[in-house]
Structures are given as C-alpha cells and as structure tokens.
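The values are calculated or read from the model by the stated rules, or taken from the named source; none is laboratory data. Just so it is clear, the structure is predicted and the values come from calculations on it, not from any experiment. Every residue, glycine among them, receives a Cβ derived from its backbone with ideal geometry; neighbour counts consider all protein chains shown.
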Amino acid sequence: MKGKMLPLNLFRILIATTLVLAAILLTACGGKEVPLTVPAGVQAGDLVDMQSCIYETDDAEYAADCGTLVVPENRNDPDSRLIALPVISVRATGANPAEPIFWLTGGPGSSNMHFSHFEGLLDNHDIVMVGYRGVDGSVVLDCPKVTKAWRGKGGNLFSDESLTNIGQALAGCASRLQDEGVDLDGFTLPEVVEDMEAARIGLGYPRVNLISGSYGTRVAMFYASLYPDSVYRSVMTAVNTPGHFVYEPEVLDEQIRYDAALCAKDPGCSARTDDLAETMRNVTHNLPRRWLFIPIDPGKARVVTHFLLFNRRSAATVYDLYLAAEEGDPSGVALMSVMYNMMWPVMNTWGEWANKGIIDYDPARDYIAEMDPPGSIIGSPLSLACGGPGQFGDTWPQVSLPAEYLEPPPSDVETLLVSGSIDFAVAPQWATEELLPVLSNGHQVIQSEFGHTNDFWGLQPEATVHLLTTFYDTGEVDDSLFTYQPMDFYVKHGWPAQAKEYLAIAVAVPLVLMALVGLAVWFIVRQVRRRRARKAAS
C-alpha cells in the first residue's frame with residue numbers, strides 16, 4: 001500500500017508547490033505583516049500611526065502612507081469594544097491630484113489590502129485601501145475546522161456526509177467566535193460602509209471616488225446611497241446586486257449554452273464536439289472516480305469547474321479538459337480534483353464569508369434539490385457547496401441587517417456599471433434590470449464575451465484605463481477603445497498535458513532517488529570490498 005501511495009503523495013506535493021509559487025508571483029504585497037492591535041488611548045474614528053511606507057506589488061514599489069483606523073466592533077451597541085483596521089493610501093504621482101479612489105475588492109472573505117492596477121489611475125488620484133473587518137483587522141473570523149471540512153468526506157464533496165460536516169464546522173466556528181467575545185452582528189455590510197466613511201474623514205478627503213468589483217460593488221452601491229455628498233464618482237465592475245450571492249443553475253446553463261454556440265463557430269472547438277453544452281452535461285454526470293491510481297472527487301471537480309468558468313482564459317482550459325474527458329482522457333479532471341484540495345479550503349476567511357453570505361440565503365429553499373436539478377448541465381456547484389443542509393440558517397446565526405440593504409438602493413451619484421456578457425459569477429442582466437433603473441446618473445457598459453473582473457482588468461488593459469480615467473476625470477463614458485474580441489477556445493498546454501507531466505515527475509522522482517540510493521550502496525559496498533582485499537593482501 002505504501003508503495004502505491006508514494007507517487008500520489010509526490011503528485012500532490014508537486015501541485016501544491018506550483019500553486020504556492022503561483023500565488024507568490026500573482027499576489028500583490030502591501031498588506032499587514034503582523035496582526036493589528038488597538039492602540040492604547042484611542043477613540044472610535046481615530047486614524048493613528050500614519051507614516052510613510054512603501055506599497056509593493058509583484059513588479060513595482062509605490063510611495064504610500066500607512067496607518068490604523070480604529071472603529072467600533074458594533075456601532076449599534078454603545079458599549080461595543082474597539083477594533084483596528086489597516087489603511088494604505090498610495091500617493092498620486094501628479095502634482096495636483098483629484099479625488100482619491102477607494103478600492104473595494106470582491107469576496108466576501110477576501111482581503112481588501114491588495115491592488116495592482118495603478119497604470120493611469122495613479123497619475124491623478126491617490127489609491128486607498130481600507131481593510132475589511134473580519135478579514136484584515138484585529139479581529140479575524142477565521143474557521144480552521146471549516147477549512148478542514150471543505151476537504152470533504154467519503155470521496156465526494158457533495159455527499160450528505162460532507163455537506164453536513166461543513167455545516168457542523170460552521171456552527172462550531174460561530175459558537176467559538178462568540179465564546180471568544182466576537183459580536184457577529186458587527187461584521188456586516190452596513191458596518192463596512194461606515195468603515196469607509198470613517199476612513200474618508202480620517203484621511204481628510206472632502207469626497208472620494210470608488211472602484212469596486214463583485215462583492216465590493218455591494219459596499220459601493222450602499223456607500224454612494226447613504227453618503228451621496230462623500231462619493232463623487234463610482235465605477236462598479238461585475239456588479240453583484242442584493243440577493244445574488246446564490247448562483248442559479250438555469251443562469252449558468254444559459255451561459256454555457258451561449259459558449260457552446262461560440263464553440264460551434266470555432267473550427268478547432270467544433271471539430272471536437274457537435275455540442276459543447278451536451279459534452280459538459282455528459283461528462284459532469286458520468287465522471288469516472290479515478291484516473292489511473294489518482295481518485296477523482298466529482299464534487300470538487302465541479303466546484304473548480306464553476307470557479308474557473310468565471311474568466312474566459314481559464315474557461316477555455318475547462319472546456320478543453322471536458323472535451324478531453326469526453327474523448328476518453330480524464331487526466332485533466334483528476335488534476336482539477338487534486339487542485340481543489342490545495343486551493344479552495346484555504347482561499348477564504350470562511351467566518352467572514354458566512355457572516356456576509358447568509359443575507360442572500362433563504363432558509364425556506366431546498367438548496368440540495370434546487371442547486372443540482374437532474375437536467376442541469378453542471379448545476380450550481382458553488383451554491384450547492386455553500387447551501388448544504390444546516391450550513392446557514394440552522395448553524396450560523398442570522399445577523400441583524402436593515403431592510404434597505406436587501407434591495408438595490410437608489411442613488412444620484414455618477415455611477416458606471418461595467419459587466420461582462422458571459423460572467424459566471426454575476427449575470428449582467430442583474431445590474432441592467434435591478435440596479436440601473438434606480439441610478440439617476442447611472443450608465444452601463446456590457447463587454448461582449450468578457451467574464452468576471454479579471455477579464456475587465458486583463459483582456460484589453462489600455463481600453464480599461466481609458467474608460468476609467470475618462471470617467472473619473474470628466475464623467476463621460478468612453479468605451480471606444482474596446483474592440484470585439486471573440487472567445488478563443490484554443491489551449492496550447494492544458495490540464496490534461498499538465499496532469500501527465502506532473503504524473504511523470506511524480507513517478508520519475510522516486511525512481512531516480514532509488515537509483516541514487518542503489519548507486520550509493522554499490523559504491524559503499526565496493527569500497528568496503530576493496531579495503532578488505534587490501535588487508536588480505538597485506
């Protein structure tokens with residue numbers, strides 16, 4: 001048994017090493033290096049310890065000011081304790097900067113202290129990052145047992161045992177945090193909005209611009225609505241309107257069918273399948289449970305599939321590996337299943353995610369049935385994993401939230417909504433139908449065949465910079481530099497090829513080690529025999 005497990009363990013180690021190195025290369029630096037504490041003698045709203053610092057990204061350094069914002073844990077409780085949040089203001093390079101730009105990242109559960117898209121924006125604006133409470137500050141809603149539970153049980157993440165275990169882990173985490181004195185009612189969206197306003201006041205800015213993505217657009221839309229005099233202009237990318245932390249299967253199916261129609265027009269893709277959507281459905285519902293000696297967890301493979309469909313470059317690799325699986329090569333699915341263990345359980349602050357995400361989950365819905373309907377192409381893997389039995393209403397406390405936070409808020413602030421037409425995280429019609437009608441100065445740009453936020457920043461960066469700088473500087477919406485960029489299904493070096501390479505390495509390494517050990521033993525034995533021969537001759 002040990003001999004059979006050695007290649008698999010090495011396989012996992014090699015993948016983990018690769019992912020860690022990739023994370024180091026892709027993640028911007030600049031967040032806190034040590035846990036924050038609340039300084040002595042401070043009051044709510046104080047911005048303290050502001051000093052010059054250097055904000056580092058993977059390829060540049062920027063002059064900045066760093067400090068600590070002190071805020072109440074729960075502003076509705078007059079006896080609430082204070083918590084600390086990090087603040088970084090990267091200084092504009094121009095002599096007379098205009099309104100600063102506050103960054104609001106996605107999530108929930110992700111750090112707000114990383115930003116790297118400075119080109120064009122920093123010329124005329126400070127870029128400000130204020131830590132998200134529950135993730136970046138002195139109180140972190142960390143859930144180690146949830147991280148462990150996300151690895152699943154019985155070889156299937158979507159088994160009743162696995163989902164129940166995740167729910168129980170969440171319940172235990174909530175109880176532990178409350179026993180430690182954490183007021184979960186303080187880690188809500190309204191409090192995050194108030195943190196941003198407190199930072200604006202502390203930094204001395206009369207008003208600010210906002211740039212937000214995904215979950216961050218929730219913060220942005222309510223900030224602009226509640227503090228219209230504080231927000232000058234707001235750009236929301238991949239707009240997430242209230243109610244849409246849940247991904248509906250029928251929306252995902254519609255988007256896959258759209259990509260399938262594009263595949264039918266692509267010579268390379270259409271040569272491999274008559275119907276990409278049916279290929280996806282067939283593979284999803286007939287996944288093998290192993291490739292060679294490597295197990296495949298169908299639930300984990302589906303979660304990674306959904307996640308990688310968010311952006312078109314990674315989506316192309318997903319379609320490529322599903323086509324390969326249909327052709328009889330499930331190696332890419334096996335690698336995807338292994339990758340889940342290295343990526344998903346540790347990618348988020350799960351207590352923060354649960355405390356924010358619960359607001360969109362309806363305890364009356366049967367998520368097991370509704371998120372995995374029999375006829376669906378892939379179902380809704382992320383919502384199925386996140387809405388299993390007992391994960392929210394029965395196990396995570398319902399947080400108090402004003403009713404106005406459950407509907408898109410009206411606003412007169414100049415606002416630009418930017419949506420990708422094929423965004424598997426937030427459908428563009430949600431912004432069009434639900435938010436745009438209540439924005440008196442709202443505009444929407446829908447980028448054809450773009451996906452989630454990475455596509456906005458990465459596919460046509462010059463056009464993105466022009467759109468942003470023009471809007472912030474003049475209020476005009478100029479998307480004229482964007483050109484139609486058809487979906488590219490070609491994958492030069494996809495998951496199946498990488499899986500075989502990792503496997504070859506995993507098999508070769510122990511063989512080479514065994515050969516080296518054998519050579520060393522041979523050399524030692526040879527030396528011993530020579531010495532004995534010399535002694536006998538003398």
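Restricted to region 205-225, and to residues that are hydrophobic (A, V, I, L, M, F, W, C) and over 16 Å from GLU414 (Cβ atoms), which residue is surrounded by the most Cβ atoms within 10 Å (Cβ to Cβ)?
Going through the qualifying residues, I end up with VAL219.
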_region 124-148, residues that are of a type outside the set (Ser, Thr, Tyr), farther than 30 Å from PHE471 by Cβ and touching a residue at least 40 places away in the same chain (Cβ under 8 Å)_ = GLY134, GLY137, VAL139, VAL140, LEU141, ASP142, CYS143, VAL146, LYS148
*Does any residue in region 158-186 that is under 16 Å from THR147 (Cβ atoms) come within less than 9 Å, Cβ to Cβ, of a residue that is at pLDDT below 90 and acidic (Asp, Glu) six or more places away or on a different chain, and which pairs are these?*
GLY167/ASP394; ALA171/ASP394
*asked:* I'm checking my understanding of the structure. Among residues of region 122-149 that are under 21 Å from the mean Cα position of the chain (by Cα) and among the small types (Gly, Ala, Ser), which one is surrounded by the most Cβ atoms within 10 Å (Cβ to Cβ)?
replied: GLY134
_Residues that are touching a residue at least 24 places away in the same chain (Cβ under 8 Å): list the helices (runs of 4 or more DSSP H) wholly contained in region 244-356 that include at least 3 such residues._
249-265, 276-285, 298-308, 312-326, 331-343
_Restricting to region 150-170, name every residue that is crowded, with 19+ Cβ neighbours inside 10 Å and touching a Ser or Thr at 6+ places or on another chain (Cβ under 8 Å)._
GLY152, GLY167, LEU170
*Pairs only if they're at least six apart or on different chains, beta carbon under 8 angstrom, first in region 494-513 and closer than 23 Å to THR317 by Cα and of a type in the set (Lys, Arg), second at pLDDT 85 or above and surrounded by 14 or more Cβ atoms within 10 Å (Cβ to Cβ); list them, first residue then second.*
LYS500/SER331
*For ARG176, which of the numbered conditions (1) of a type in the set (D, E, K, R); (2) crowded, with 20+ Cβ neighbours inside 10 Å; (3) more than 21 Å from HIS244 (Cα to Cα) fails to hold?*
(2)
*What is the residue count in region 75-97 for residues that are buried (at least 19 other Cβ atoms within 10 Å of the Cβ) and closer than 15 Å to VAL192 by Cα?*
5
*Among all residue pairs at least 6 apart or on different chains, which show Cβ distances below 7 Å where the first residue, located in region 99-113, is in contact (Cβ under 8 Å) with a residue 60 or more places away in the chain and surrounded by fewer than 24 Cβ atoms within 10 Å (Cβ to Cβ) and the second is polar (S, T, N, Q) and not in a strand (DSSP E or B)?*
TRP103/ASN112; THR105/ASN112; GLY106/SER214; GLY106/THR453; GLY109/ASN348; GLY109/THR349; SER110/ASN348
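Yes/no matrix, rows are residues, columns are (1) surrounded by 22 or more Cβ atoms within 10 Å (Cβ to Cβ); (2) over 30 Å from ALA44 (Cβ atoms); (3) in contact with a helix residue (DSSP H, G or I) (Cβ under 7 Å, 6 or more places away or on another chain); (4) of a type in the set (S, T, N, Q):
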position: PRO190; (1), (2), (3), (4): no, no, yes, no
position: MET196; (1), (2), (3), (4): yes, no, yes, no
position: VAL231; (1), (2), (3), (4): yes, no, yes, no
position: MET236; (1), (2), (3), (4): yes, no, yes, no
position: PRO267; (1), (2), (3), (4): no, yes, no, no
position: ALA271; (1), (2), (3), (4): no, yes, no, no
*Can you name the residue in region 98-123 that is closer than 17 Å to ASN348 by Cβ and touching a Lys or Arg at 6+ places or on another chain (Cβ under 8 Å) and is also modelled with the highest pLDDT among such residues?*
MET113
*asked:* Out of everything in region 344-365 that is among the acidic types (Asp, Glu) and surrounded by 15 or more Cβ atoms within 10 Å (Cβ to Cβ), what residue ends up being farthest from GLU404 (Cα to Cα)?
replied: GLU352
*How many residues, within region 457-496, are over 20 Å from LEU262 (Cα atoms) and hydrophobic (A, V, I, L, M, F, W, C)?*
9
*When you go through (1) closer than 30 Å to VAL48 by Cα; (2) surrounded by fewer than 22 Cβ atoms within 10 Å (Cβ to Cβ); (3) not acidic (Asp, Glu) one by one for PRO249, which number turns out not to apply?*
(1)
_Criterion first (buried (at least 18 other Cβ atoms within 10 Å of the Cβ), of a type in the set (Gly, Ala, Ser) and over 27 Å from GLY458 (Cα atoms)) does ALA325 satisfy it?_
yes
*Among all residue pairs at least 6 apart or on different chains, which show Cβ distances below 8 Å where the first residue, located in region 439-467, is within 26 Å of PHE222 (Cα to Cα) and touching a residue at least 24 places away in the same chain (Cβ under 8 Å) and the second is assigned to a strand (DSSP E or B) and among the acidic types (Asp, Glu)?*
ASN441/GLU414
